[in-house]
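Data first, discussion second: the structure below is written as structure tokens.
The values are calculated or read from the model by the stated rules, or taken from the named source; none is laboratory data. Just so it is clear, the model here is predicted, and its values are computed rather than measured. Here the Cβ positions follow ideal geometry from the backbone for every residue, glycine too, while neighbour counts run over all protein chains shown. Heads up: the accessible areas ignore ligands, DNA and RNA and are worked out on the full protein's heavy atoms, side chains in. Shrake-Rupley method; radii C 1.70, N 1.55, O 1.52, S 1.80 Å.
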Amino acid sequence: MVGQDRSEIRAVGKVGLLLSRRKDIPFWAGLILALFMAAALPSGGAAAQSSGREPSHGERKILYQAQKRFENKDLQACALILEEYLKEHPETGYARFFLLLGNSYFQQEKYLEAEKAYQRGLRLHRGDPLLNLNLALTLERSGRLELAGEQYVRAYELTDPADPRLLHQGAALLLRVKDYHKAREAARRLLKAHPPGQPEWFELLLHASLELKDYDEATAAVRQLLAINPGKADYWRFLAQLQLYRQKYAEAAAALEVAYRYETPSASDLEHLADLYLSLNLPLRAAETLEKNPEIRKIGQGLERLALLYWQGGLYEPADSCLTQKLQRWPDAKTYRLKAAWLYERSEYRKALELLRSACKTYPDHAELYPLRGFAAWQLEDWEEAMLSFRTARRFPATRAAADSALDIIEMLLAGPLQAGQTAVTSAVR
């Protein structure tokens, strides 16, 4: 064991890190393999790499005994051997003692003791990559995520060759603890040092920049993601969100349209897009969007909204059809009044009056019906019904003022002919 070739030892030491990069092995599993395979290196080679000289016979013996305990899962005995040795030799020149000690505590889930062991080693061997890497993982396991993120960045800087997954993990943890500036800097560094970059790296940059309200950098990141995977709906959603922040509403709507080609939108998604089109004064596009929801015509509120959009867009027949459907299935005074108002706007006064007569019988306490019925009768010069409608409207506080004004005008209109000569019609009305 003492005479084992150093190049072979170095090759064994890299196995764990290589495994951590394999896509078929989870990131954490690969890192743990890196930690504990490294801890089980033959003592002579490990010591030689740490100190630059051959270890003594006594040092090799201690490491061998501790490693055997470690391999046999006798972790307490492994730690005891190393603690006793380090008590007598606190300034040892070999990082392997502290690495193996920390790993024995880590395996027992004694993360505080593991952290202390790695820190003791780093005071003597600050540039040791495995001590730094193990400390990063220990800090993360103990929930000290900000320190863990920074430690992963340090481990990345010391690993040769540089492992971008360490820098990525550091950036991810910094983002998680909302240290957005450091997370963004780590993501930028990652993308610059390891082109062309992975999607998850651009995602980190996107999220950090978004939180920092750097919408230009976030937009650039999401466009890079779309170049990698143009069919991912989430990226188009992010682009739409960014365009909204930048007040580019037409571009936001276009991005959402693309997103919904790749992912079936929910009812709320369609509502959001319809609102966006309405803000752009495109009511028919809003209606077209809502019609993509097969349930929209199965609820009264949906039919009413469609009717309003079609009416605003100048398509009166579809608007009227929607209101008719609503009245057939979910009649209410508000819908009667709305349909009558539209008939009135189109000068279909007789149809409006007939509809309002029916509505007033069904909903006699709905104040808003009576003034409109009065004006429809007025247009038909049915003064008797007009005055009756306005007098009824006076009974409700909400419509009293408008009704009084209308009655005063009718009185003036009817009074005019009496000065020239009373007619049968005006006499009857009075």
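For this structure, a couple of remarks:
- Backbone HN-Hα couplings from phi across region 354-363 [Karplus 6.51/-1.76/1.60, Hz, Gly and Pro as x]: 4, 5, 6, 4, 5, 5, 5, 5, 7, 10
- Region 162-226, accessible surface, carbon-and-sulfur percent (1.4 angstrom probe): 49 percent
- Reducing region 79-115 and region 138-152 to their Cα centroids gives an inter-centroid distance of 19 Å.
- Region 108-122 - phi-based ³J(HN,Hα) in whole Hz, Karplus 6.51/-1.76/1.60, Gly and Pro as x: 8, 6, 9, 6, 5, 5, 5, 4, 4, 5, 5, 5, 4, x, 6
- In the complete set of protein chains, residue-level accessible area for THR399 is approximately 10 Å², probe 1.4 angstrom.
- Alpha-carbon gyration tensor eigenvalues x 5, square-rooted, for region 229-340, Å: 30, 14, 10
- Taking a straight line from the alpha carbon of LYS326, these lysines sit under 27 Å away, with near neighbours fewer than eight places off in the same chain left out: LYS292, LYS298, LYS334, LYS339, LYS351, LYS361.
- Debye, to nearest 20: dipole size of region 122-271, +1 on Lys, Arg Cβ, -1 on Asp, Glu Cβ: 340 debye
- Rounded to the nearest Hz, the phi-derived 3J(HN,Hα) couplings of region 145-157 under the Karplus curve 6.51 cos²θ - 1.76 cosθ + 1.60 (θ = phi - 60°) are 6, 5, 5, 4, x, 5, 6, 4, 4, 5, 5, 4, 5, where x marks glycine and proline.
- Taking a ≥ b ≥ c as the square roots of the eigenvalues of the alpha-carbon gyration tensor, region 209-293 is classed oblate because a/c is 1.5 or more while a/b is no larger than b/c.
- Heavy-atom SASA rank of LYS182, LYS326 (probe 1.4 Å, accessible area, largest first): LYS182, LYS326
- Per residue, in Å², the accessible surface of region 82-229 once ligands and nucleic acids are set aside, probe 1.4 Å: 45 Å²
- Rounded accessible area per residue of region 295-404, 1.4 Å, Å²: 53 Å²
- For region 272-336, the Cβ-based charge dipole about the Cα centre amounts to some 140 debye (Lys, Arg positive; Asp, Glu negative; other atoms uncharged).
- Share of carbon and sulfur in the accessible heavy-atom surface of region 229-337 [1.4 Å probe, %]: 50 percent
- The alpha carbon gyration tensor of region 63-143 gives principal lengths a ≥ b ≥ c with a/c of 1.5 or higher and a/b no greater than b/c, which makes the shape oblate.
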